1. Can you tell me which residue within segment 1-39, out of those that are without any contact (Cβ under 8 Å) to a residue 24 or more places away in the chain and among the charged types (D, E, K, R), is surrounded by the fewest Cβ atoms within 10 Å (Cβ to Cβ)?
2. Quick one: is ASN54 farther than 14 Å from PRO4 by Cα, surrounded by fewer than 12 Cβ atoms within 10 Å (Cβ to Cβ) and touching a Pro at 6+ places or on another chain (Cβ under 8 Å)?
3. When the residues of segment 34-77 are narrowed to those that are more than 10 Å from the chain's Cα centre (by Cα), closer than 24 Å to ARG18 by Cα and of a type in the set (Val, Ile, Thr), which ends up modelled with the lowest pLDDT?
Amino acid sequence: MDEPSLGLAPNLIEEMYRTIAVIHEAGLTVMLVEQNARSALKLANYGYVMEVGNIVLQGPSSDLANDERVKKAYIGA
């Protein structure tokens with residue numbers, strides 16, 4: 001899925017992510033490209049961080065969500 005939340009109202013974004021979670025819980029792999037890093041990392045098991053078309057970080061989503069570089073650049077913490 002490429003940017004599934006782009007242009008959606010906040011309540012529809014929440015519904016979209018719930019639907020993606022149901023698909024994942026059913027045992028299907030979901031490949032998600034998303035600029036909303038906080039939501040994507042909550043949903044994902046594993047993630048990649050790209051900058052200017054290059055993968056600069058990768059790992060379990062919990063590790064990425066706690067990485068200070070990711071927080072500063074993409075999550076705003």
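1. Ranking the qualifying residues of segment 1-39, first place goes to GLU25.
2. no
3. Here the residue is ILE75.
The values are calculated or read from the model by the stated rules, or taken from the named source; none is laboratory data. As the structure is a prediction and not an experimental result, all values here were calculated from the model. Reconstructed Cβ throughout: ideal geometry from the backbone, glycine too, with neighbour counts over all protein chains shown.
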